[in-house]
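> Questions regarding the structure given below will be posed in turn.
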Amino acid sequence: MGAGRFGREHLRELVQLEAEGRLVLGAVVVQTEASQQRLANELHVPVHRSLTAELLDTVDAVVIATPAETHVGLVRQALTKCHVLVEKPLSDRAEEAELLVREFAGHGKHLMVGHNYRFHPAIEKVKALVDAEPQAPRLVEFAMLNEVDGESIRSDRNPNLEFLHAFDIMDFLFSQEPTVETARITGRSHEISVRYGDSVHCVMNIGWHSAPRVRRLVVRYSGVTLACDLLRNTVTVQRKNRVDTVNLPPQPVSLRRQFEKFISVIQGEADNPMPPAAAARIIALAQRTTPGIRKRRPRVAVIGGGVFGMNCALELSSGCEVTLIERHAEFMEGVSFVNQWRHHSGFHYPRSYDTIQEIRSAKAAFERHYHDAILRSIPAYFCPAATGIEIPAERYVAACASNYLSFRFEYPPSNIVDRDRIALSLLSDEGVYDFERLRDMTKARLSEAGNVKIELASEVVDGALLADGTKKLTILCGGRAHEEDFDYVVNATYSNINLMAKWFSFPAEPLRFDLYEMLLLRIDIDPICVTVLDGPFTSLLGTGKDNLFLLSHIHDSVLKSDITDDGLPPDWGDIQSNRGNMLQSASSYFPILAEAQVIESRYATRAVNAFARDFDARPTVVRNHGFGCWSVLGGKILTCVSNAREIAAAIASAAGVASAAGSASRPMKS
Ligand SMILES: Cc1cc2nc3c(=O)[nH]c(=O)nc-3n(C[C@H](O)[C@H](O)[C@H](O)COP(=O)(O)OP(=O)(O)OC[C@H]3O[C@@H](n4cnc5c(N)ncnc54)[C@H](O)[C@@H]3O)c2cc1C
């Protein structure tokens with residue numbers, strides 16, 4: 001039944017199977033007279049315009065490939081006399097499909113629903129690999145996206161129902177009911193996050209986007225990644241350093257296999273792989289996870305009151321009820337304070353053009369708000385070392401010039417920097433943060449913003465992901481714990497970034513932690529900033545206040561390093577300062593240090609990607625975990641506004657846009 005786009009594909013396979021003696025084609029039923037005439041000329045069997053009881057008496061089975069809304073009626077009619085294979089979806093309403101299941105329970109005929117991706121060679125391969133893997137996956141990501149076209153922008157097209165295959169593939173791989181379900185709208189697509197059991201997280205991105213078609217499934221385990229491209233029919237298996245790619249036969253193999261299976265089912269040789277109850281389960285999941293229109297402003301927890309968390313709270317405040325939770329009694333007490341306070345232009349990253357680009361694109365948004373917290377009058381010099389090997393002077397200048405950095409050739413005073421130890425010197429346009437000013441300005445913006453509830457001296461100690469996607473956080477304040485519920489969580493806890501992964505059993509980010517020491521010095525000279533690059537990367541940075549300077553050294557500042565199994569910062573135990581070695585190493589470049597008075601050591605736990613190939617890169621990493629949870633690991637202060645906007649825009653689009661009108665019976669919180 002049906003000879004439209006899909007119907008013709010079915011017909012082609014059926015004709016082929018008949019030629020191979022696997023079945024006898026009894027008749028074809030089409031809707032229009034034109035189709036009837038055309039097919040009557042092509043085929044040797046009768047072509048009808050309706051399904052009649054007499055016709056059903058002449059056949060053993062019916063294949064239905066008509067428009068979705070006709071499926072249930074036709075199935076009901078045909079199933080009284082014949083076995084039926086019906087194209088998916090069985091129905092666009094789970095209740096209707098469930099009713100059908102009850103109506104025909106035990107009546108003796110087989111109804112198989114055509115979820116043909118179960119027979120797709122690449123999906124079959126992934127299923128075999130998933131079943132063979134001894135460990136459970138940590139994360140499953142599936143993108144099933146079509147390019148936006150005229151048809152797709154019709155607002156009544158619900159991606160959940162149009163891309164039902166995505167739900168079916170997850171059901172096929174994990175054969176379980178999800179324990180957690182959340183969804184959000186992203187433009188013309190939906191991001192659906194489901195968890196199976198305690199820890200298998202699947203994030204599906206389905207619908208339409210402005211790029212070409214994507215059909216990509218990635219299953220991540222600890223140490224193993226399976227990546228399947230359904231358009232190229234490839235499955236790539238990466239185990240540690242080994243990558244194997246399997247090329248599978250082109251389509252339409254799956255349709256043929258589906259028919260072969262159907263024949264086996266009706267001959268009693270195989271179990272029905274897709275009975276109506278399973279189809280109803282998949283439709284119900286698609287319905288339940290259709291994002292609805294939110295009736296109230298979403299509640300967002302921002303954990304971490306550093307410069308990133310504060311700016312996330314600010315950007316979110318216009319559309320959401322925000323709670324900003326910080327364990328210290330004051331804001332910006334973490335690495336937002338213990339850092340070198342450079343307002344980067346890019347001179348620090350001659351080997352990471354990506355980082356320079358990130359700086360260039362983020363700078364304006366930051367300066368629009370915090371221009372007055374940047375000290376511009378302190379000269380900032382960058383000097384490749386005379387013995388430079390990795391970044392010799394010519395290469396350094398070329399890197400700066402080709403990235404359009406603003407500089408001129410000029411040396412710092414020779415009593416400050418030993419000219420024999422440097423190859424040349426660039427006077428840059430970099431500024432330095434006035435830390436107190438930056439903090440005060442950010443706090444002032446927060447108090448003006450409204451919609452931001454501030455919880456200082458409050459530590460988030462636990463979290464739970466509830467079945468409807470609500471995030472329940474346990475917050476310890478003044479020795480007492482209380483719980484709060486949120487629709488979204490933004491995790492801006494820097495070195496504690498994997499705490500959320502622990503609470504919600506998301507995969508942890510592999511991090512290397514460095515215990516880092518900086519010296520605060522008093523030197524009776526005008527403020528100046530000098531950085532010696534290459535091997536010894538040594539910095540003396542004027543703070544602009546009270547003749548105070550910050551000193552750091554690439555090796556001697558790093559007291560300890562560790563990559564922990566759980567991705568959480570180690571307990572460093574008693575910390576022994578390395579100030580003697582720092583001063584000695586740095587003095588070989590900065591003779592002025594002979595006059596320096598040490599005020600204090602400042603210690604920070606630096607968190608960087610454990611296995612970054614680009615060793616010098618310091619990108620800010622925004623991670624969308626699905627389930628309405630984001631993490632942001634700040635690489636540089638000046639990206640805090642643009643990264644906060646990125647997260648706020650994602651949450652706003654989820655919260656403020658009406659869903660495609662589906663027939664969802666229980667639209668979930670978007
Ligand atoms: C040694 C060093 C030098 C640097 N130099 C520069 C520089 O010169 N210029 C530059 O732009 N960038 C620099 N950076 C990077 C910059 O410091 C960071 O990108 C930025 O400060 C990160 O801000 P944040 O808000 O993410 O982190 P933080 O300021 O550390 O904020 C995280 C907050 O989360 C809170 N928190 C953690 N766990 C919990 C919990 N369970 N409950 C509640 N609160 C919690 C912490 O108390 C903390 O206040 C440097 C970094 C390091 C390590």
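The values are calculated or read from the model by the stated rules, or taken from the named source; none is laboratory data. All of these numbers come straight from a predicted model, not from anything done at the bench. Here the Cβ positions follow ideal geometry from the backbone for every residue, glycine too, while neighbour counts run over all protein chains shown. Calculation scope for accessible area: heavy atoms of the full protein, side chains included, ligands and nucleic acids excluded. Shrake-Rupley method; radii C 1.70, N 1.55, O 1.52, S 1.80 Å.
> Having 1 or more residues that are under 26 Å from residue 629 (Cβ atoms), open to solvent by 30 Å² or more (accessible area, probe 1.4 Å) and modelled with pLDDT under 90 is the bar; report the strands (runs of 3 or more DSSP E) wholly within the range 143-221 that clear it.
Working: elements: 180-186, 189-196, 200-209, 214-220.
Once the strands (runs of 3 or more DSSP E) in the range 143-221 are filtered for at least 1 residues that are under 26 Å from residue 629 (Cβ atoms), open to solvent by 30 Å² or more (accessible area, probe 1.4 Å) and modelled with pLDDT under 90, what remains is 180-186.
> Which condition number does residue 257 fail, the rest of (1) in contact (Cβ under 8 Å) with a residue 24 or more places away in the chain; (2) in the same structural domain as residue 123 (by TED's automatic domain parsing) being met?
(2)
> Could you please find all residues in the range 564-590 being surrounded by fewer than 15 Cβ atoms within 10 Å (Cβ to Cβ) and more than 16 Å from the ligand (Cβ to nearest atom)?
Once the filter is applied, which keeps residues that are surrounded by fewer than 15 Cβ atoms within 10 Å (Cβ to Cβ) and more than 16 Å from the ligand (Cβ to nearest atom), the range 564-590 yields 565, 573, 574, 576, 580, 581, 584, 588.
> Quick one: in the range 620-634, of everything that is crowded, with 23+ Cβ neighbours inside 10 Å and within 16 Å of the ligand (Cβ to nearest atom), which residue is farthest from residue 608 (Cα to Cα)?
Restricting to residues being crowded, with 23+ Cβ neighbours inside 10 Å and within 16 Å of the ligand (Cβ to nearest atom), the top hit is 629.
> Next up: Take the range 481-500 and flag every residue that is open to solvent by 10 Å² or more (accessible area, probe 1.4 Å) and either among the β-branched types (Val, Ile, Thr) or within 15 Å of the ligand (Cβ to nearest atom) (or both).
Hits for the range 481-500 are 481, 482, 483, 484, 492, 493, 494, 495, 496, 497, 499.
> Ok, one more. Among the residues of the range 423-435, is any within 16 Å of the ligand (Cβ to nearest atom) and open to solvent by 30 Å² or more (accessible area, probe 1.4 Å)?
Taking the range 423-435 first, the residues within 16 Å of the ligand (Cβ to nearest atom) are 428-435.
Okay, now just the ones that are also open to solvent by 30 Å² or more (accessible area, probe 1.4 Å), so 429.
Within the range 423-435, one or more residues are within 16 Å of the ligand (Cβ to nearest atom) and open to solvent by 30 Å² or more (accessible area, probe 1.4 Å).
> Between a residue in the range 443-460 that is within 13 Å of the ligand (Cβ to nearest atom) and any residue that is among the small types (Gly, Ala, Ser) and open to solvent by 70 Å² or more (accessible area, probe 1.4 Å), which pairs come within a Cβ distance under 9 Å, given they are 6 or more apart or on different chains?
Sorted first by the residue in the range 443-460, then by its partner, the pairs are 454/447; 456/329; 457/329; 457/478; 458/478.
> Something else about it: Working carefully through the options 384, 298, find the one that is more than 30 Å from residue 600 (Cα to Cα) and more than 16 Å from the ligand (Cβ to nearest atom).
Values: 384 fails: more than 30 Å from residue 600 (Cα to Cα).
Unique residue meeting the criteria: 298.
> Right, next: Would you list the helices (runs of 4 or more DSSP H) that sit entirely within the range 296-406 and hold 3 or more residues that are open to solvent by 60 Å² or more (accessible area, probe 1.4 Å)? Steps first, answer last, please.
Details: elements: 307-316, 353-370, 393-402.
Passing ranges, in order: 353-370, 393-402.
> So for the range 573-589 (the condition being in the same structural domain as residue 354 (by TED's automatic domain parsing), under 30 Å from residue 357 (Cα atoms) and in a loop (DSSP other than H, G, I, E, B)), does at least one residue qualify?
yes
> Could you tell me whether residue 126 is open to solvent by less than 60 Å² (accessible area, probe 1.4 Å) and over 30 Å from residue 238 (Cβ atoms)?
Spelling it out, it is not the case that residue 126 is open to solvent by less than 60 Å² (accessible area, probe 1.4 Å) and over 30 Å from residue 238 (Cβ atoms).
> Here is a check on your reading of the model: is residue 113 among the β-branched types (Val, Ile, Thr), touching a Lys or Arg at 6+ places or on another chain (Cβ under 9 Å) and open to solvent by less than 30 Å² (accessible area, probe 1.4 Å)? Steps first, answer last, please.
Details: among the β-branched types (Val, Ile, Thr): yes; touching a Lys or Arg at 6+ places or on another chain (Cβ under 9 Å): yes; open to solvent by less than 30 Å² (accessible area, probe 1.4 Å): yes.
Here the answer is yes, as residue 113 does meet what is asked.
> Could you tell me whether residue 2 is over 19 Å from residue 73 (Cβ atoms) and either open to solvent by 50 Å² or more (accessible area, probe 1.4 Å) or not in a strand (DSSP E or B) (or both)? Before you say what the answer is, go through the steps one by one.
On the way: over 19 Å from residue 73 (Cβ atoms): no; either open to solvent by 50 Å² or more (accessible area, probe 1.4 Å) or not in a strand (DSSP E or B) (or both): yes.
Criteria not met by residue 2.
> Of the numbered conditions (1) without any contact (Cβ under 8 Å) to a residue 24 or more places away in the chain; (2) within 27 Å of residue 257 (Cβ to Cβ); (3) part of a helix (DSSP H, G or I); (4) open to solvent by 20 Å² or more (accessible area, probe 1.4 Å), residue 71 satisfies every one except a single condition; which is it?
(4)
> Can you pull out the residues in the range 422-475 that are of a type in the set (A, V, I, L, M, F, W, C) and on the phi > 0 side of the Ramachandran plot?
Let us first name the residues in the range 422-475 that are of a type in the set (A, V, I, L, M, F, W, C), namely 422-424, 426-427, 432, 435, 438, 441, 444, 446, 449, 452, 454, 456-457, 460-461, 464-467, 473, 475.
457 - this is the single residue of the range 422-475 that is of a type in the set (A, V, I, L, M, F, W, C) and on the phi > 0 side of the Ramachandran plot.
> Then there is this: Which of (1) modelled with pLDDT under 90; (2) touching a helix residue (DSSP H, G or I) at 6+ places or on another chain (Cβ under 8 Å); (3) open to solvent by 40 Å² or more (accessible area, probe 1.4 Å) is the odd one out, the single condition residue 645 does not satisfy?
For residue 645, the exception is condition (1).
> Would you confirm, using the coordinates I've provided, whether residue 524 is away from the ligand (no atom under 15 Å from the Cβ) and modelled with pLDDT under 95?
Values: away from the ligand (no atom under 15 Å from the Cβ): yes; modelled with pLDDT under 95: no.
Taking the combined requirement at face value, the residue does not satisfy it.
> If you check residue 238 against the conditions, is it outside any loop (DSSP other than H, G, I, E, B), within 26 Å of residue 164 (Cα to Cα), in contact with a Ser or Thr (Cβ under 6 Å, 6 or more places away or on another chain) and not hydroxyl-bearing (Ser, Thr, Tyr)?
Judged against the criteria, residue 238 is not a match.
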